[in-house]
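To start, the structure itself, in structure tokens.
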Amino acid sequence: MRTFELTLTSNAVLYRMYTLMLATSGAVPTDGTLADRGCELTVQAPTGNSGVVKLSDSLGLGGTDLASGGSKTERAARNTICFRDFYLKSTSNGDKVNVSIDYR
């Protein structure tokens, strides 16, 4: 399991979650790749956030709203969860998101 702390710097933009993960220091292992698919994804909005974080698709439609302290977990039997398909947006500048992924 790997965990990333991501910061959403604008409240008007949909951020591709996988791109933010790649930009995290130390995200890419020494073998040169970060898997874009896995069997588990957990997204958590820390309790210090002042806004609501939205986890959605590329259009920003539907999805899940995560208030401060809220979380969402997706699980699959195989590596069928594509981390590139998830986007994040916040109602407040500077909110953080903790993303945990697992792949086997």
Next item on the list: Taking the residues in region 51-75 that are in contact with a Gly (Cβ under 8 Å, 6 or more places away or on another chain) and small (Gly, Ala, Ser) as candidates, determine which candidate is surrounded by the most Cβ atoms within 10 Å (Cβ to Cβ).
Entry: Ser56
Next item on the list: Provide a single number: the residues in region 79-101 that are surrounded by fewer than 16 Cβ atoms within 10 Å (Cβ to Cβ) and either closer than 11 Å to Ala35 by Cβ or acidic (Asp, Glu) (or both).
Entry: 4
Check: Looking at region 32-45, is at least one residue out of contact with any His (no Cβ under 9 Å at 6 or more places or on another chain), at pLDDT below 95, among the polar types (S, T, N, Q) and over 21 Å from Leu22 (Cα atoms)?
Finding: no
Notebook entry, point to check: Quick one: what pairs do we get from region 78-99, first residue more than 25 Å from Ser50 (Cα to Cα), second among the hydrophobic types (A, V, I, L, M, F, W, C) and surrounded by 21 or more Cβ atoms within 10 Å (Cβ to Cβ), C-beta under 6 Å, 6+ apart or different chains?
Noted result: Ile81/Leu41
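The values are calculated or read from the model by the stated rules, or taken from the named source; none is laboratory data. No experiment lies behind these values; they were computed from the predicted model shown. Ideal geometry is used to build each Cβ from the backbone, glycine not excepted, and the neighbour counts take in all protein chains shown.
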